[in-house]
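So the structure is just underneath, and the comments pick up after that.
Rule-based calculations on the coordinates, nothing more; no lab input. Keep in mind that what you see is a predicted model, and the values were worked out from it rather than measured. No Cβ is skipped: glycine too gets one built from the backbone with ideal geometry, and neighbour counts run over all protein chains shown.
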Amino acid sequence: MSVDLSKLPQILEGHPKDPQSLIGVLQDIQKEYRFLPDEALEETARALKVPLSKVYSVSTFYNAFSLTPRGDTVIRICVGTTCHIRGARQVQQRLENLLKIKPGQTTEDGKFSLETVACVGACAMAPVVAVNDEFHGGVNVNSAKRLIRRSKKA
Ligand code: FES
């Protein structure tokens, strides 16, 4: 897939040309493209004088970064212990069935991506599902369907 990288020079110009800028640059690329295209990572490595292997290791270490395109709406299911005890597994299965994808995948129309995350620190609201950056607590199999329906309309 070819990606229009015309915004990349602007992103790189917004940061000092220094290895310390790596995470900030990757955050901006992720924000702009919703993933980290290979060509952008190569250019970043060159511009910041960081080995490409280091750029990839940082890109794969942080959950916030994705090396594959994400959907317009990213649904994250917390699978931490409290959420697990309170039914996150059933919610996950429901979301997988509704979207016909597994965690780490994106729907064919590019609208939704499904991911699992470790405890997001909102255990009192368990089970927790995040739709993009919006957290929803006490999610069950029925409200999971409503979350998808609402996101489709947005
Ligand atoms: S385990 Fe899900 S928010 Fe803590």
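With the helix formula -39500 (n - 2.57) applied to DSSP H stretches of n ≥ 4, the chain reaches a computed 222 nm mean residue ellipticity of -13000 deg cm²/dmol. Per residue, the average separation of C-alpha pairs within less than 8 Å and at least 6 apart gives the chain a relative contact order of 19 percent. Where does the charge balance sit around Gly80 when Lys and Arg score +1, Asp and Glu -1, over other residues with C-beta under 13 Å from its C-beta? Surrounding charge for Gly80 is +3. Computed extension gain for Lys152 through Tyr56, at 0.36 nm per residue and net of the alpha carbon distance, reaches 31.3 nm.
Our summary gives the stretch 8-61 a relative contact order of 36 percent, counting only alpha carbon pairs under 8 angstrom and 6 or more residues apart. Using θ = phi - 60° in the Karplus curve 6.51 cos²θ - 1.76 cosθ + 1.60, the 3J(HN,Hα) couplings for the stretch 108-124 round to 4, 7, x, 7, 10, 10, 10, 9, 10, 9, 6, 2, 9, x, 10, 4, 4 Hz; x is entered for Gly and Pro.
Which entries in the list Lys54/Lys102; Lys54/Lys100; Lys31/Lys145; Lys31/Lys111; Lys31/Lys152 go over 23 Å, if you measure between the two C-alpha atoms of each? In this structure, Lys54/Lys102; Lys54/Lys100; Lys31/Lys145 lie more than 23 Å apart at Cα. Projecting the Cα positions of Pro103, Pro69, Val128 onto the charge dipole of the chain (unit charges on Cβ atoms of Lys, Arg, Asp and Glu, taken about the Cα centre) puts Val128 furthest along the positive direction.
Within the listed set Phe35, Phe135, Phe112, the residue fluctuating most in the Gaussian network model of the chain (springs between alpha-carbon atoms under 10 angstrom) is Phe135. Once C-alpha pairs closer than 8 Å and six or more residues apart are averaged by separation and normalised to the residue number of the stretch 88-154, the relative contact order reads 29 percent.
Database remark: amide H of Gly138 closer than 5 angstrom to the amide H of Ala126 (H placed geometrically; neighbours at sequence offset of 5 or more, or on other chains; Pro and chain starts carry no H).
A straight chain from Thr68 to Asn97 at 0.36 nm per residue would run longer than the Cα-Cα distance by 8.3 nm.
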